[in-house]
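Chemist: Submitted below is the structure of interest, expressed as structure tokens.
Please treat every number below as a calculation from the coordinates, not as lab data. Keep in mind that this is a model prediction, so the values were computed, not measured. With ideal geometry, Cβ positions are generated from the backbone for all residues, glycine too; neighbour counts draw on all protein chains shown.
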Amino acid sequence: MRWKIIPDKRWNFDFADVELSGDTLVVNSLINYKDLEKKYKDLIKDLNDENQDTLKNTFAKKRIREEKINFLNKDELVEFFNRISVREGVEIGAPVAAAATVGVPAEMATPTTAEQEAIESKYLVKIVETVDFKQKHDGEIIESTVNGQIAVINDAEKSRIWDIDIELAGGESTDLKEKKFHIPDLEPQEEWTKDYKIEITPEDKPPVVITEKVDTFPETEEESNTFVLKEEGKAQEVNFILIMENTSDSTVGTVELAKIIPGDFKDFKVSDSSKGKASKDDVEGVDAIVWKVEELEAGETAELKLKAKVEPSEIKTLTSGELKVKYMLEAGTYSGLKPEFVDGLSEEIFYVDRDERDDQPDMWDCQFIFENRSEFPMTLQKFQFISGDENTEFEVVAVEPNAVVNPQTEYVSEPWDLESEDEPSFSEIVEYTVIPRTEERLSMSSTMQALDLAILAVEGIKDFSKNVLRSYRAEALDATIIATIKGDAPIDIIKLEDTIPKDFRNPEKSELEIAFDIKGQKKPVPIDDFSVSYEPDLGPDDISRERKMIIEVKDVLENTGAMIDNSTINVKYPLNAVRPAKDARYDAPVLFQGYTKPVGGILEAYIEPEPITVVHERRRTRIGKSVRPGAEKDEYSILLLYKNKGDSPKTNIKISDFVPVHFKILDSSMEYESTGKDGGTLLTWTVEEIAPGQEVEITYNIHGEGADYSLKHIEARAFK
């Protein structure tokens, strides 16, 4: 809102508007002084030096200039501009003189101009805020960047705007210290800007909330986020649900959500969309599904369903792919900052016509005209006319039309009459402003981190403390199962379907030892935290058929915690064989199953240990000895024979023979150990292995000494 007092003199030239009020000269020029001097050189040379300097200053640039003048120079300047008026055929500005007689006021005037609608203004005040969030997949804000800018734009081709005042409201979270700004002027196509920042609190959330649901096991209602390693070439289906919810009070527009397609996924396709259109596109050089929604009303929710496939071929962590969303909020800003008051002035001119009636001397018909010479729509807010001198001053007319005056149009008031012997003079107040166009816009973007999708696997071994049993004998052995988890697995239930072969007794539950090993920490499972059952349940004494021993451990997450990569589950129990048959073979595979929470694919390992075999060993041996004379007198050669008549090899065989006193050992065909005994020496030969049907011969030579030796002693005490 602006007020303006009618000047003493005004000249409206094609090249400039000139006003003279008291000791102030105001020039709004379209030309500079050089152009003025070229055109009116002959008139300028008649001015004194002070007035020439005044013209140089006021016409220095193509813009509005004010200059204080010496009162003694005023008449010369008036004469100068009057002479230009005569030359150019322009009406000379009338002086405003004091009234000679008291005027008689007319009735209050009303406007005659038809009501106009303002055209779109080229005077723009724009507040744009740009907000960028980085979020975890669960929506937690990691980082935020919030910037704002106030822009005042003169988009006109020729018209200037000056004396601009802006007052802002709201925006308490901004770093703006002042919310009132004064801009002296804006040239055509000129822009004034003010940047600011906005403080974001942890409680602040984006207006549009994005939720992504990833289900790696669509067969169940519960959502799963893990894959199970399967045979190569077996693809697993994955479902994605993207949900956008506008939690603001305003409509958001130009919504674009990009779902980045990770390299491990294939056959990505749109299965359903509640609103907008989605298709595969390139986003920053990578493949993505781009979902575009023109508008999302306040409180509205939109949903997009996608399907894809993945072939987990190695133990690693897959990612679901980032989500990038951007949109515009046209009806406000994030900080709440908005223009509360905006005004400005531009090129205009107003007149007051004072016409004395032909048939009624001293009766004047008066009328007010406001002409908009700018490229902007204006609002004429008020005009007020006061007549008389200090002692007889009275209000002639006061109107608040608040009328829109579009560019190159004018406002004409209702005429009013005034009785006065002298030509009427008025003190006038005119208030108007350029109509601005205001915009408040919020540009939002947000990046949501991908969800980690674990690929899980299990490897297992099963060992027996012995794998060979003797036939028809009672044998005891231990079975040990070790399952190693590959990948971080939220396993909640563990199930082992073990095999108890025929001819073996079921172990008692109390004999089972179950423990977890997580990061080297042993965590035994109490006996009450697992169950044992058998299928078929034949009773403890019936060993005629193979059985399945089913071990189940529940509530692992609650009692033990999540399995991390390379955690193990260890199971140990005793087995007792009852008279296993000759040449029998016992296979005892075990199926390990891990059930994750949430429910997903079952983690499985089929473990096949080395079979238990039965050997039928019956010891059958032939042992012989022969003594015969040697090559020399008193020498004798002894032959020992050992034959394995059994059906299995014999190992570490000890063959011994006794040599009485009075005999000296000369040599032997094999190395031996000798041990002194009462009445002689015990010789022992060791044979590492004798195969079935193999015969071993050992020969050694002795010499009898003295008259008392006797071969009968050698014959009588053969080998042990």
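Chemist: Helix 74-88 versus the longest principal axis of the chain: what angle, 0 to 90°, nearest 10, using Cα atoms?
Modeler: 90
Chemist: Measure nothing but the geometry: give the 0 to 90° angle between the long axis through the Cα atoms of 49-58 and the longest principal axis through the Cα atoms of the chain, rounded to 10°.
Modeler: That helix lies at roughly 40 degrees to the long axis.
Chemist: Using only the C-alpha atoms of segment 208-329, find the volume of their convex hull and express it per residue in Å³.
Modeler: On the way: hull volume 13.0 nm³, N = 122.
About 107 Å³ per residue, rounded to a whole number.
Chemist: While we're looking at this one, here's another question. Given the pairs K307/K597; K134/K519; K197/K259, which are separated by over 24 angstrom at their Cα positions? Walk me through the numbers before you get to the answer.
Modeler: On the way: K307/K597 22 Å; K134/K519 34 Å; K197/K259 30 Å.
Over 24 Å Cα-Cα: K134/K519; K197/K259.
Chemist: Would you mind calculating the gained length between K382 and A60 on full extension (0.36 nm times residue separation, minus the Cα-Cα distance), in nm to one decimal? Don't skip to the answer; put the middle values down first.
Modeler: Working: separation 322, 0.36 × 322 = 115.92 nm, distance 3.30 nm.
Between K382 and A60, full extension yields 112.6 nm more.
Chemist: Counting only DSSP beta bridges with both residues in the chain, tell me the antiparallel percent, nearest 5. Please list the in-between numbers first.
Modeler: Numbers: 234 of 253 bridges.
Bridges in the chain are about 90 percent antiparallel.
Chemist: Residue by residue, what Karplus-based ³J(HN,Hα) values in Hz, rounded to whole numbers, does segment 563-578 have, using 6.51, -1.76 and 1.60 with θ = phi - 60° and x for Gly and Pro?
Modeler: Couplings: 6, 9, 3, 6, 5, 10, 10, 10, 10, 9, 7, x, 10, 10, 8, 10 Hz.
Chemist: Now for a different question. Which FRET efficiency value, to the nearest 0.05, do you get for D634 and Q521 by plugging their Cβ-Cβ distance into 1/(1 + (r/R0)^6) with R0 = 60 Å? List each step's numbers first, then the result.
Modeler: Numbers: r = 77 Å, r/R0 = 1.29.
My answer for the efficiency is 0.20.
Chemist: Report the semi-axes of the equivalent ellipsoid for segment 413-494 in whole Å, largest first, where each axis is √(5λ) for an eigenvalue λ of the Cα gyration tensor.
Modeler: Values: eigenvalues 2340, 19, 11 Å².
Rounded to whole Å, the semi-axes are 108, 10, 7.
Chemist: Using 7 Å Cα-to-Cβ label points, what is the D422/K625 separation (nm, one decimal)?
Modeler: Output for this residue pair reads 17.1 nm.
Chemist: A follow-up question, please. Over what distance in Å are the Cα centres of segment 135-201 and segment 328-366 separated?
Modeler: Segment 135-201 and segment 328-366 have Cα centres separated by 27 Å.
Chemist: Next question, about the same structure. Taking 22 Å as R0, compute the FRET efficiency from the Cβ-Cβ separation of E414 and E117 and round it to 0.05. Don't skip to the end; give the middle numbers.
Modeler: Numbers: r = 21 Å, r/R0 = 0.97.
After rounding, the FRET efficiency stands at 0.55.
Chemist: Then there is this: If amide H atoms are built 1.01 Å from N in the plane of the peptide, which residues on other chains or at least 5 residues away come under 5 Å of the amide H of G460?
Modeler: Sorted by chain and number, the residues that satisfy this are T484.
Chemist: While we're looking at this one, here's another question. Cα centroid distance between segment 373-399 and segment 556-576, in Å?
Modeler: 95
Chemist: Hey, another quick one. Could you work out the mean projected area of the convex hull around the alpha carbons of segment 539-642, in square nanometres to one decimal?
Modeler: On the way: hull surface 59.7 nm².
Quarter of the Cα hull surface area: 14.9 nm².
Chemist: If you don't mind, another one. Sort largest first and round to whole Å: the equivalent ellipsoid semi-axes of segment 12-69, each the square root of five times a Cα gyration tensor eigenvalue. Please report the intermediate quantities before stating the final value.
Modeler: Numbers: eigenvalues 51, 43, 19 Å².
Ellipsoid half-lengths, sorted descending, are 16, 15, 10 Å.
Chemist: Something else now. Please give every one of the lysines within straight-line cross-link reach of K582, meaning a C-alpha to C-alpha distance under 23 Å, and leave out same-chain neighbours fewer than 8 residues apart.
Modeler: K466, K502, K645, K650
Chemist: What list of ³J(HN,Hα) couplings, whole Hz, do you get for segment 364-381 from phi and the Karplus terms 6.51, -1.76, 1.60, once you set θ to phi - 60° and write x for glycine and proline?
Modeler: Ordered by residue, 3J(HN,Hα) equals 10, 9, 10, 8, 9, 10, 10, 10, 8, 9, 9, 9, 10, x, 10, 10, 7, 8 Hz.
Chemist: Let me know the Kirkwood hydrodynamic radius for segment 401-444, please, with Cα pairs as the basis and the value in Å to one decimal.
Modeler: On the way: mean 1/r = 0.0653 Å⁻¹.
Every distinct Cα pair counted, the radius reaches 15.3 Å.
Chemist: Assuming 0.36 nm per residue, please report the length gained on full extension of the stretch R87 to K68 beyond their Cα-Cα distance.
Modeler: Values: separation 19, 0.36 × 19 = 6.84 nm, distance 2.62 nm.
Going from the current span to full extension adds 4.2 nm.
Chemist: Follow-up question, since we're still on this one. Using mean Cβ contacts within 10 Å as the protection proxy, how do 192-200, 122-130 order, highest first? Intermediate results must be reported in sequence, preceding the final value.
Modeler: Numbers: 192-200: 15.7, 122-130: 20.7.
Packing order, densest peptide first, comes out as 122-130, 192-200.
Chemist: Here is a follow-up. Over its Cα atoms, what ratio of radius of gyration to 2.2 N^0.38 Å does the chain give? Before the final figure, lay out the partial values.
Modeler: Working: Rg = 55.9 Å, N = 720, 2.2 N^0.38 = 26.8 Å.
Output field value: 2.08.
Chemist: Are there any GluC sites (Glu not before Pro) in segment 322-400 that are in a DSSP loop and have at most 13 other Cβ atoms within 10 Å? List them by number. Provide the component values of the computation, followed by the final result.
Modeler: On the way: sites: E322, E330, E340, E347, E348, E356, E371, E375, E390, E393, E395; in loops: E322, E330, E347, E375, E390, E393.
For GluC sites (Glu not before Pro) across segment 322-400 that sit outside H, G, I, E and B with at most 13 neighbouring Cβ atoms in 10 Å, the list reads E390, E393.
Chemist: If you put +1 on each Lys and Arg Cβ and -1 on each Asp and Glu Cβ, how big is the dipole of segment 130-204 around its Cα centre, in Debye rounded to 20? Don't jump to the answer; show the numbers that get you there.
Modeler: Values: 9 positive and 20 negative charges, 16 e Å.
It works out to roughly 80 debye.
Chemist: Can you tell me the length gained on complete extension of the stretch S443 to V286, counting 0.36 nm per residue apart and subtracting the Cα distance?
Modeler: On the way: separation 157, 0.36 × 157 = 56.52 nm, distance 2.35 nm.
Full extension of this stretch gives 54.2 nm more.
Chemist: Right, something else. Which of L591, P507, L496 sits farthest toward the positive end of the charge dipole of segment 452-615, with +1 on the Cβ of Lys and Arg and -1 on the Cβ of Asp and Glu?
Modeler: Checked the options; the winner is P507.
Chemist: Also: Using a Förster distance of 60 angstrom, determine the FRET efficiency expected from the C-beta separation of N147 and D555, and round it to 0.05.
Modeler: Values: r = 51 Å, r/R0 = 0.85.
Plugging the Cβ-Cβ distance into 1/(1 + (r/R0)^6) gives 0.75.
Chemist: May I have the pair-distance distribution P(r) for segment 616-707, computed from all Cα-Cα distances with 5 Å bins from 0 and rounded to whole percent?
Modeler: 3, 12, 23, 21, 16, 11, 8, 4, 2, 0, 0
Chemist: Using the basic label-point model (7 angstrom from Cα toward the beta carbon), what is the A581 to E245 distance in nanometres?
Modeler: Inter-label distance under the simple model: 6.8 nm.
Chemist: Mind putting a number on the dipole of the chain about its Cα centre? Charges go on the C-beta only, +1 for Lys and Arg and -1 for Asp and Glu, and I need it in Debye to the nearest 20.
Modeler: Numbers: 90 positive and 148 negative charges, 1739 e Å.
About 8360 debye.
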